[in-house]
Amino acid sequence: MITTQRILSPEMVARIEALAPRYPNRRALTLPALHIVNEVLRYVPYEAVVEVAQLLGLAPAEVQDTLSFYQFFPQDKPSGETRAWVCRSVSCALRGGEEILDHICHAAGIDPYGTTADGSLTVEPAECLGACDFAPCMLAGKTLHKNLTKESAEAFVRDARARAGKSS
Amino acid sequence: MTTFQPVLLEAVGVAGSHTLASYRSRGGYAPLERLLKEKQPADVIELVKSSGLRGRGGAGFPTGLKWTFLPKDHPGPIYLCINADESEPGTFNNRILMEDDPHQVIEGIILSAYATRATTAYLYLRYEYPQSWDRLQGAIDEAYAAGLLGKNIQGSGFSLDLYLHRGAAAYICGEETGLIESLEGKRAWPRIKPPFPAIEGLFRKPTVVNNIETMACVAQIARRGVDWFRSIGVPADPNNPRDPGSYGPKLYCLSGHVERPGCYEAPLGITARQLIDGHGGGVWKGRKAKAVIPGGISMGLLTEAELDTPLDFAGPGKVGCLGLGTAAVVVIDETVSIVDFLHNSCRFFAHESCGQCTPCREGTAWSLRMLERIRAGKGRLKDLDLLAEIGNTMGMMPGSTICGLADGAAWPIKNAIKKFRGEFEDYIKRTNPSGWMVTDPVPALPIVGAH
Ligand SMILES: Cc1cc2nc3c(=O)[nH]c(=O)nc-3n(C[C@H](O)[C@H](O)[C@H](O)COP(=O)(O)O)c2cc1C
Ligand code: SF4
Ligand code: FES
């Protein structure tokens, strides 16, 4: 049997449509729509791309083209409940950012860009987060973690795992 | 050093500084209300033009002049895009303005929209600034409720909508036409210019793109006047008719190996040494600086001997740097290997090149591969000439690319090899004693952690 299950929920569609009056055409809704899907699902599977394209009156290839440019929206599987970006650009690297990245990955038992088996945490290297005054730093979800040390990095990994399954 | 009272940052650290009430109590929005009543858009352009304000986003283009490039008597719409993509490594002043004093930015936006006759403004904010997003959205909501945004602002007949638009973690979205393409829902491929955005920009309509700090300056010029603005900074060089001068206060971001990293406001023209020693408390741990980035990583490097260079729009160029850029000053102490620094720089640009132009895509990728190989103990002296060649041939200046990202990638390479060649040579000879002199082609190593 063919399933007609939609990926885009009515709530997601309503949130996207609410932004439509801001732009003179619907293509400009591409990034806002991808963000809304990614916020809810923590990824943007290809079926969602097709549905976004239908909603905006675009070819799926047009949406996929934009999406793939950013390397920001996972497509194969959701990122962890916490998605952490560890800065490795110059100001952070000068204060040990690369070591912090290694350390967090080690503590979480994953490689950069990896997700822990329990789905609690994804760790990605980031370029300058615009918080060089707090180097080395990391953005995890909406929280900026400042002046990281090995100890605070380990505590972060422990907390992220303990929170797993409880946030949503 | 004479003490300088911060203006752009006057609200930083004040409780509730991000609220409308706080901004009003500091005199905010009164200049806007006065100008909307008394002045025509052309008068506001003239005000900004005569102030000598130059864009704070990196290129230093005179703001009022840019506005005059818009077509006259255009039926509209005209768009204003506010560039808050702020992704140049070392740079965070826009973040502080948006978080601590969003209304100052919004007043500047309304004034600039009035001057340019834009009725829709989009503020393109990098994804990594969730706190800025919340503060701005809160301030925009307050401004609508107070009749400072929306239809018929303060009964002036002028209407403006201001919308936030979120990026997705790509440095190239800060390039103004990359930003425009991204806003339109496409990949952020910078456009070939001309046409410039003023003629054909967002949604193919006349468009002005300006930086957040530029907007804050516009608000302060409206409040304090042209004479105040021109009394700060470095006047135009009378012997150089093409120098528009460096007027006004500037936000310098200080990071890396300093005791007190932070965003400091100072008159344009303060030297790197004054910033580091005066504001930053000196190089950390009592060490010496080996090199200092004068204005974001794209600008290249100052040596210790060049630290008395004034950081105005003309200063860094006189010692071989690309320019003032974003005025982000990053201190690299004497213990750091310049090889590691350049590797970090090359990795950034290889990651962020949008890939449209072959010299940039290949030049950034190959410079990274060469630095990987050098760091793996397989460098050859010949690599330094190859790197210098990449540095000399990619970019808008040599005329081989569409946008300035490639120049930004080239300058750290050129500066590092020219100013620190001896250190590179020593490193290569020390780490590759049997192969440093080889000149035959060598295979590349697999890249770790780059894509
Ligand atoms: C690769 C690249 C990245 C840029 N990133 C930014 C940025 O993040 N923010 C910004 O305001 N300008 C950035 N610029 C400069 C913009 O293209 C543009 O000049 C600026 O936004 C104009 O504003 P202003 O005149 O107020 O400075 C960038 C330029 C290039 C070439
Ligand atoms: S110079 Fe580089 S970043 Fe700019 S358009 Fe060309 S390839 Fe893209
Ligand atoms: S270099 Fe890490 S936040 Fe800027």
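Just the Cα atoms of segment B:22-109, one point each, no solvent: what log10 I(q)/I(0) does Debye give at q = 0.11, 0.15, 0.19, 0.24 Å⁻¹?
-0.40, -0.75, -1.16, -1.40
Give me, ordered by chain and number, the residues 5 or more places off B:LEU164 or on other chains with an amide H under 5 Å from its own placed amide H.
Excluding prolines and chain starts, which carry no amide H, the hits are B:LEU123.
What's the carbon and sulfur percent of segment B:1-98's accessible surface, probe 1.4 angstrom, rounded to a whole number?
Values: 2400 of 4210 Å².
The value for segment B:1-98 is 57 percent carbon and sulfur by accessible area.
Name the long-range amide H neighbours of B:TYR247: under 5 Å, sequence gap of 5 or more, or other chain; modelled H, no Pro or chain starts.
So B:TYR247 has HN proximity to B:ARG54, B:VAL234.
Using R₀ = 56 Å, calculate the FRET efficiency as 1/(1 + (r/R₀)^6) where r is the Cβ-Cβ separation of B:ARG34 and B:SER400; round to 0.05. Mind showing how you got there, number by number?
Working: r = 49 Å, r/R0 = 0.87.
The pair B:ARG34/B:SER400 has a calculated efficiency of 0.70.
At 20 °C and a viscosity of 1.002 mPa s, what translational diffusion coefficient does Stokes-Einstein give for the protein assembly as shown, taking Rh as the Kirkwood radius over Cα pairs? Give it in µm²/s as a whole number.
On the way: Rh = 25.2 Å.
Answer, rounded: 85 µm²/s.
Placing +1 at every Lys and Arg Cβ and -1 at every Asp and Glu Cβ, with all other atoms neutral, what dipole size does the protein assembly as shown have around its Cα centre, in debye to the nearest 20?
Details: 65 positive and 68 negative charges, 88 e Å.
Here the protein assembly as shown has a charge dipole of around 420 debye.
Evaluate the distance, in nm, between pseudo-label points positioned 7 Å from the Cα of B:ASN240 and of B:GLN154 along their respective Cα→Cβ axes.
Each label point lies 7 Å from its Cα, and together they span 3.8 nm.
For chain B, with only Lys/Arg (+1) and Asp/Glu (-1) charged at the beta-carbon, what is the dipole magnitude about the Cα centre, in debye rounded to 20? Write out the running numbers ahead of the final one.
Details: 48 positive and 48 negative charges, 91 e Å.
About 440 debye.
With viscosity set to 0.890 mPa s at 25 °C, what whole-number translational diffusion coefficient in µm²/s follows for chain B from Stokes-Einstein and a Kirkwood radius over Cα pairs?
Answer from the Stokes-Einstein relation: 108 µm²/s.
For segment B:127-232, take the convex hull of the Cα atoms, compute a quarter of its surface area, and give me that in nm², please.
Numbers: hull surface 36.0 nm².
Approximately 9.0 nm², given one-decimal rounding.
Just to be sure I understand the model, the point goes 7 Å from the Cα along the line to the Cβ. What's the resulting B:ARG166 to A:ARG163 distance in nm?
1.6
Give me the accessible area per residue for segment B:68-211, probe 1.4 Å, as a whole number in Å². Mind dumping the intermediate values first?
Working: 4250 Å² over 144 residues.
Ligands and nucleic acids excluded, the result is 29 Å² per residue.
Could you order B:LYS72, B:LYS66 by accessible surface area, starting with the largest, using a probe radius of 1.4 Å?
Numbers: B:LYS72 145, B:LYS66 45 Å².
Descending order: B:LYS72, B:LYS66.
Taking 40 Å² as the minimum loss, tell me which residues in segment B:152-185 lose that much accessible area going from the chain by itself to the full protein complex (1.4 Å probe).
B:TYR163, B:HIS165, B:ARG166, B:ALA168, B:GLY185
Would you kindly derive the ³J(HN,Hα) couplings of segment B:74-87 from the backbone phi angles with the Karplus curve 6.51 cos²θ - 1.76 cosθ + 1.60 (θ = phi - 60°), listing them in order in whole Hz, with x for Gly and Pro?
Karplus values, whole Hz, x for Gly and Pro: 6, x, x, x, 10, 10, 10, 10, 9, 8, 10, 7, 4, 10.
For segment B:194-311, how big is the tail of P(r) above 26 Å, as a whole percent of Cα pairs? Please list the in-between numbers first.
Working: 2596 of 6903 pairs.
Pairs farther apart than 26 Å: 38 percent.
If you take the charge dipole of chain B about its Cα centre, with +1 on Lys and Arg Cβ and -1 on Asp and Glu Cβ, which of B:GLY404, B:TYR29, B:VAL329 is farthest toward its positive end?
B:GLY404
How much of the accessible area of segment B:304-438, probe 1.4 Å, is carbon plus sulfur, in whole percent?
Values: 2640 of 4910 Å².
Taking all protein chains in place, segment B:304-438 shows 54 percent carbon and sulfur surface.
Within straight cross-link reach of B:LYS429, meaning Cα distance under 23 Å, which lysines are found once same-chain residues fewer than 8 apart are removed?
Here the lysines satisfying the reach criterion relative to B:LYS429 are B:LYS290, B:LYS378, B:LYS382, B:LYS414, B:LYS418, B:LYS419.
Determine the principal axes of the Cα atoms in segment B:338-431, then give the extent along each, sorted from largest to smallest and rounded to whole angstroms.
Cα extents, longest axis first: 39, 21, 18 Å.
Please give the helix B:102-116 orientation as an angle from the longest Cα principal axis of chain B, in degrees from 0 to 90, rounded to the nearest 10.
On a 0 to 90 degree scale, this one is about 70.
Two-decimal Rg/Rh of chain A from alpha-carbon positions, Kirkwood Rh? Write out the running numbers ahead of the final one.
Details: Rg = 18.0 Å, Rh = 17.4 Å.
We get a ratio of 1.04 for chain A.
Within 10 Å of each Cβ in B:125-134, how many Cβ atoms from other chains are there, averaged over the peptide?
Numbers: counts 0, 3, 6, 10, 6, 5, 4, 1, 1, 1.
Mean number of neighbouring Cβ atoms from other chains: 4.
Which whole-number percent gives the relative contact order of chain B, counting Cα pairs below 8 Å spaced six or more residues apart?
Numbers: 903 pairs, mean separation 64.6, N = 451.
Reported relative contact order: 14 percent.
Stretched out fully, how many nm does the piece from B:THR439 to B:LYS418 gain, at 0.36 nm a residue minus the Cα gap? Don't skip to the answer; put the middle values down first.
Details: separation 21, 0.36 × 21 = 7.56 nm, distance 2.03 nm.
Working it through step by step, the gained length comes to 5.5 nm.
Between the helical axis of A:150-163 and the dominant principal axis of chain A, each derived from Cα atoms, what acute angle in degrees is found, rounded to the nearest 10?
Rounded to the nearest ten degrees, it is 40.
So how strong a dipole does segment B:246-333 carry about its Cα centre when Lys and Arg Cβ are +1 and Asp and Glu Cβ are -1, to the nearest 20 debye? Walk me through the intermediate numbers first.
Details: 8 positive and 8 negative charges, 33 e Å.
Using only the charged Cβ atoms, the result is roughly 160 debye.
To the nearest 10 degrees, how steeply does helix B:358-373 sit against the main Cα axis of chain B, on a 0 to 90 scale?
Approximately 50 degrees, to the nearest 10.
Using only the Cα atoms of segment A:1-60, what semi-axes does the equivalent ellipsoid have when each is the square root of 5 times a gyration tensor eigenvalue? Give whole Å, largest first. Let's see the in-between values first.
On the way: eigenvalues 74, 32, 22 Å².
Taking √(5λ) for each Cα gyration eigenvalue gives 19, 13, 10 Å.
What does the helix-only formula give at 222 nm for chain B: each DSSP H stretch with n ≥ 4 adding -39500 (n - 2.57), the total divided by the residues, and the result rounded to the nearest 500 deg cm²/dmol? Provide the component values of the computation, followed by the final result.
Working: 15 runs with 167 residues, N = 451.
Result for chain B, helices only: -11500 deg cm²/dmol.
State, to one decimal in nm, how far the label point of A:TYR46 lies from the label point of B:ASP340, with both points 7 Å from Cα in the Cβ direction.
The two pseudo-label positions are separated by 4.3 nm.
Which percent of Cα pairs goes in each bin when the distances of segment B:1-151 are cut into 5 angstrom slices starting at zero?
Over segment B:1-151, the share of Cα pairs per 5 Å bin runs 2, 8, 16, 21, 22, 18, 9, 3, 1, 0, 0 percent.
With no solvent and one point per C-alpha, what does the Debye sum give as log10 I(q)/I(0) for segment B:91-131 at q = 0.31 Å⁻¹?
-1.09
List every residue whose amide H lies under 5 Å from the amide H of B:ALA291, counting only residues 5 or more places away in sequence or on a different chain, with H placed 1.01 Å from N in the peptide plane.
B:ILE332
Summarise the long-distance tail of P(r) for segment B:246-333 by giving the % of C-alpha pairs beyond 18 Å. Write down the numbers at each step before the final one.
Values: 1126 of 3828 pairs.
In whole percent, the long-distance tail amounts to 29.
What is the distance in Å between the Cα centres of segment B:365-442 and segment A:55-114?
Here the two parts' Cα centres lie 28 Å apart.
Could you sort B:TRP411, B:TRP67, B:TRP189 by their accessible area in this structure, using a 1.4 Å probe and putting the largest first? Present the calculation step by step, with values, prior to reporting the outcome.
Working: B:TRP411 35, B:TRP67 5, B:TRP189 95 Å².
Largest to smallest exposure gives the sequence B:TRP189, B:TRP411, B:TRP67.
Quote the total accessible area buried by chains B and A together, excluding ligands, DNA and RNA, probe 1.4 Å, nearest 100 Å².
Protein heavy atoms only, the B-A interface buries about 3900 Å².
Averaged per residue, what accessible surface does chain A expose to a 1.4 Å probe, in Å²?
Numbers: 7710 Å² over 168 residues.
Value returned for chain A: 46 Å² of accessible area per residue.
The values are calculated or read from the model by the stated rules, or taken from the named source; none is laboratory data. Just so we're clear, the structure is a prediction, and the values are computed from it rather than from any experiment. Cβ coordinates were reconstructed from backbone atoms using ideal geometry, including for glycine residues, and neighbour counts include every protein chain displayed. In case anyone asks, the SASA skips ligands and DNA or RNA and just uses the protein heavy atoms, side chains included. Shrake-Rupley method; radii C 1.70, N 1.55, O 1.52, S 1.80 Å.
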